[in-house]
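Right, one structure below, let's go through it.
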Amino acid sequence: MRSAPAGPAKLSFAGWSGPLAKGERREVLVKVDRADGIQAMDLALGYDPKLVSVVDIRAVDVGAPLHVVTNDNSGTVNIAAYGVLPLSGSGAVLSVTVEARAPLGLKVPLRVRGEANEGGIPLVGAGQGSAPAAPGVKKPQPSRSGR
C-alpha cells in the first residue's frame, strides 16, 4: 500500500469551456492533484441554485474505482466517495453534469472543498467563493492575532 502524500492534495475543475445558455448542460470534471493514498473523500460541492442545477455526479478516470453517494441540499451537494484500494496519481476523480438555469459566463459556477481519509489528507478547495464545509470538515477560524 502506498503512503499518503506529504501535504494537501489540490482540487480543481476542468471542462468549463465558456458561456452556457439557459437549459444547456455541460460536464465539468473535479480533478485531484496528488491523489496518492486517497481511499475516501468527503466533499461539499457548492453552487447557486438560481443559476445552475446539478444533474449527475459519477466517478471517472483516476477516481473510477470509487463508489459515490450524494445528497443534494439545493445549493450544496455533499459527496462521499470511497473505495477499497487507494488512488494513485493525479487527474479527474468525478464528473459533474450541470444544467444552466440562467445564462452563465466564463467562470465555473461551482466550488468544492473537503477532506480525504477522514481528515488524514487535507484537500485544498477550488472555485468561486467558498463552499460550505463537508461533513466533518471544519472551516478555518479567523485569526485573533494583532489585538
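Here is a list: V60, V55, V68. Which entry is modelled with pLDDT of 95 or more, over 21 Å from N117 (Cα atoms) and of a type in the set (V, I, T)?
From the options V60, V55, V68, the qualifying one is V55.
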Options V77, V93, V69: the member that is within 15 Å of the chain's Cα centre (by Cα), surrounded by 14 or more Cβ atoms within 10 Å (Cβ to Cβ) and more than 16 Å from V124 (Cα to Cα): V77
Of the candidates P140, P103, P122, the one satisfying the condition of being at pLDDT below 90 and out of contact with any Asp or Glu (no Cβ under 9 Å at 6 or more places or on another chain) is P140
Of all residues in segment 36-59, count the ones that are touching a residue at least 60 places away in the same chain (Cβ under 8 Å) and closer than 23 Å to S88 by Cα. 9
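The values are calculated or read from the model by the stated rules, or taken from the named source; none is laboratory data. Values in this document were obtained by computation on a predicted structure and should not be read as measured data. Backbone-built Cβ (ideal geometry, glycine too); neighbour counts: all protein chains shown.
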